[in-house]
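Take a look at the structure set out below.
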Amino acid sequence: MIDHQVRVHPSAGRLPREEQLAWKLAAVATGTQDAPDLDPDAAATAADRIVDNAAVAVASLRRRPVAVARAQARPHPGAPGAAVFGAGGLRVSPEWAAWANGTAVRELDFHDTFLAADYAHPGDSIPPLLAVAQHTGRGGADLLRGIIAAYEVHVALVRGICLHRHRIDHVAHLSAAQACGIGALLRLPTEVVYQAVQQAVHTTTATRQSRKGEISSWKAFAPAFAGKTAIEAVDRAMRGEGSPSPVYEGEDGFLAWLLDGPEAVYTVGLPEPGEARRAILDTYTKEHSAEYQAQAVIDLARRLRERTGPLEKVRGIVLHTSRHTHQVIGSGAGDPQKYDPRASRETLDHSVPYIFAVALEDGGWHHERSYAPERAARPETVELWRKISTVEDPEWTRRYHDPDPERRAFGGRAVVTLADGTVIEDELAVADAHPAGARPFGRDDYAAKFRTLAEGVVTGEAQDRFLAAAHGLPALDGTGLDRTGPDGTGLDGLFPAVDADALAAYDATLPKGLF
């Protein structure tokens, strides 16, 4: 790896393009094109994440934000276009497919994550890359190359540059990764990817209010907006147009006015030319449909409930955890909505007091039942919920940022005080499904997660066909054929078959917009 120092430069200094961060990110993407072979472990993980994305997408097809995004995409046909989850054989323009599919993937907050200096859901890059691959007739190997490049760039940015401190939404890093992934997929010149990165970052930088207070459905739409914008940025750059430059280092740019200011210096580590792109292996998915910092908390609650006895005898519970967990999903956020039983699902999945209370009561977590309004409004749940608070523990904050992934921790310590004064304590550093956890997720777990979430939506036979396509991704070409046999469906096989007519009828019941 090479550590690149990133700082503000005055316009009069004319920072050469080759020394700008956007160019270096683009070079990582275009360098991926030159690698003779993709890292096999990285390629296998990319295929698993395609399965993960499809699992959460099909489970969300009847959720209103997903139906709205799908309805918005329908009037934008493309030639040849790209497929939309739940829309049968419909093909739409790739940016609108990215919009609909990205919303479906993100809606349940149930796919992969990477946490370092900032936050990330790197799997949000897959929908726009898949849409572009379909529209341009690329095959599975091209798609894999793009996904691996997008993860490489995204992880590097999240490690090196914190957006959250300045209340900038994390999709600003995502859009740069998406532009790079599309560039690698299409084998574009570094110059084109460089311009696309700058336009994407410039136009997707937004405040973090989308994840604060009364959280709305925009939390699901935001990554899809980034993907739609990244595709449009690449299209514009391919036509020879430039973008705000240098977007990161400019004296009126990203670092100078939105982050740490003119004197700041950031370090972004990127792979050397020819070095294997393996950053995807540092990311991890979710076993539970909730904010990632709550994953270990759910597992801890499942373990603790055997020791607490009747929960009405609990006097109070304090979760000692990291600054991020305390301030983002804990009582340190200062959001009364995190204790409101009438709060939106998006708010509840960012409320660790609620999540811990329900996991203690139920001994598990469900992506729908655990968020149902009647579940949140149970009097005994509300009573327990309001006895739970969080505090920052400097040691957990240090472990959250530990440079060694084997020691990094995203959990905390629970201190339960009963009415008679008995104190019960337990802690868990990482979720059971984390690579360093008790039951790290593997290929069989991704397949099982897909089958569980697809039950009642995708037939067993269609589930089998989808998994075969995803696991055989390198053999899929861009013409709709599987090169290993006559019955393949190409990249279309990455869209599990559902009852599209029923979904279209449901979409028709929604209020109409402009399209």
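The values are calculated or read from the model by the stated rules, or taken from the named source; none is laboratory data. Remember, it's a predicted structure, so these values are computed and weren't measured experimentally. Cβ placement follows ideal geometry from the backbone for every residue including glycine, while neighbour counts extend to all protein chains displayed.
For residue 364, the criteria (1) within 25 Å of residue 453 (Cα to Cα); (2) modelled with pLDDT of 95 or more; (3) assigned to a loop (DSSP other than H, G, I, E, B) hold in every case but one, which is (2).
The helices (runs of 4 or more DSSP H) found entirely in the range 1-106 that carry 2 or more residues being touching an Asp or Glu at 6+ places or on another chain (Cβ under 9 Å), touching a residue at least 12 places away in the same chain (Cβ under 8 Å) and within 30 Å of residue 448 (Cβ to Cβ) are 40-59, 64-73, 94-106.
Candidates in the range 357-376 are the residues that are small (Gly, Ala, Ser) and touching a residue at least 40 places away in the same chain (Cβ under 8 Å); of these, the one that is farthest from residue 297 (Cα to Cα) is 370.
When only residues in the range 1-19 that are exposed (fewer than 11 other Cβ atoms within 10 Å of the Cβ) and of a type in the set (Asp, Glu) count, which is nearest to residue 31 (Cα to Cα)? Only one residue tops the list, namely 18. Before we move on, is residue 317 over 26 Å from the mean Cα position of the chain (by Cα), within 17 Å of residue 428 (Cα to Cα) and buried (at least 20 other Cβ atoms within 10 Å of the Cβ)? Judged against the criteria, residue 317 is a match.
Just one of the numbered conditions (1) farther than 29 Å from residue 117 by Cα; (2) at pLDDT 95 or above is not true of residue 389: (1). No other residue among 262, 310, 244, 273 is more than 26 Å from residue 400 (Cα to Cα), surrounded by fewer than 19 Cβ atoms within 10 Å (Cβ to Cβ) and without any contact (Cβ under 8 Å) to a residue 40 or more places away in the chain apart from 310. Annotation: residue 197 fulfils all but one of (1) of a type in the set (Val, Ile, Thr); (2) closer than 19 Å to residue 227 by Cα; (3) in contact with a Ser or Thr (Cβ under 6 Å, 6 or more places away or on another chain); the unmet one is (3).
Does the range 416-430 contain any residue that is within 31 Å of the chain's Cα centre (by Cα), free of Cβ contacts under 8 Å to residues at least 12 places away in the same chain and in a loop (DSSP other than H, G, I, E, B)? Scanning the range 416-430 turns up no residue that is within 31 Å of the chain's Cα centre (by Cα), free of Cβ contacts under 8 Å to residues at least 12 places away in the same chain and in a loop (DSSP other than H, G, I, E, B). Remark: residue 408 falls outside the filter, which requires a residue to be in contact with a helix residue (DSSP H, G or I) (Cβ under 9 Å, 6 or more places away or on another chain), assigned to a helix (DSSP H, G or I) and charged (D, E, K, R).
Among the residues of the range 377-408, write down those that are in contact (Cβ under 8 Å) with a residue 24 or more places away in the chain, under 22 Å from residue 327 (Cβ atoms) and of a type outside the set (D, E, K, R). 385, 388, 389, 390, 391, 396, 397, 400, 401, listed by residue number. For residue 470, the conditions (1) at pLDDT 95 or above; (2) over 20 Å from the mean Cα position of the chain (by Cα) all hold with the exception of (2). Checked against the criterion of being in contact with a Pro (Cβ under 6 Å, 6 or more places away or on another chain), part of a helix (DSSP H, G or I), of a type in the set (A, V, I, L, M, F, W, C) and surrounded by fewer than 23 Cβ atoms within 10 Å (Cβ to Cβ), the range 381-388 has at least one qualifying residue.
Against the criterion of being touching a residue at least 24 places away in the same chain (Cβ under 8 Å), closer than 30 Å to residue 265 by Cα and in a helix (DSSP H, G or I), residue 152 qualifies.
Taking (1) closer than 29 Å to residue 139 by Cβ; (2) crowded, with 20+ Cβ neighbours inside 10 Å; (3) of a type in the set (A, V, I, L, M) in turn, residue 67 satisfies each apart from (1).
Tell me whether the range 84-98 contains one or more residues that are acidic (Asp, Glu) and either surrounded by fewer than 23 Cβ atoms within 10 Å (Cβ to Cβ) or touching a strand residue (DSSP E or B) at 6+ places or on another chain (Cβ under 6 Å) (or both). Within the range 84-98 (the criterion being acidic (Asp, Glu) and either surrounded by fewer than 23 Cβ atoms within 10 Å (Cβ to Cβ) or touching a strand residue (DSSP E or B) at 6+ places or on another chain (Cβ under 6 Å) (or both)), the answer is no, since none of the residues qualifies.
Write out, first by first residue and then by second, each pair whose Cβ atoms fall under 9 Å of each other, whose residues are 6+ apart or on separate chains, and whose first residue, in the range 203-221, is outside the structural domain of residue 337 (by TED's automatic domain parsing) and assigned to a strand (DSSP E or B) while the second is surrounded by 19 or more Cβ atoms within 10 Å (Cβ to Cβ) and modelled with pLDDT of 90 or more. If the second residue must be surrounded by 19 or more Cβ atoms within 10 Å (Cβ to Cβ) and modelled with pLDDT of 90 or more, the pairs left are 207/168; 207/169. Taken over the range 10-26, residues that are at pLDDT below 95 and not polar (S, T, N, Q) amount to 4.
Checked against the criterion of being surrounded by fewer than 24 Cβ atoms within 10 Å (Cβ to Cβ) and either at positive phi or not assigned by TED's automatic domain parsing to the domain that holds residue 69 (or both), the candidates 236, 138, 165, 187 yield just one match: 187.
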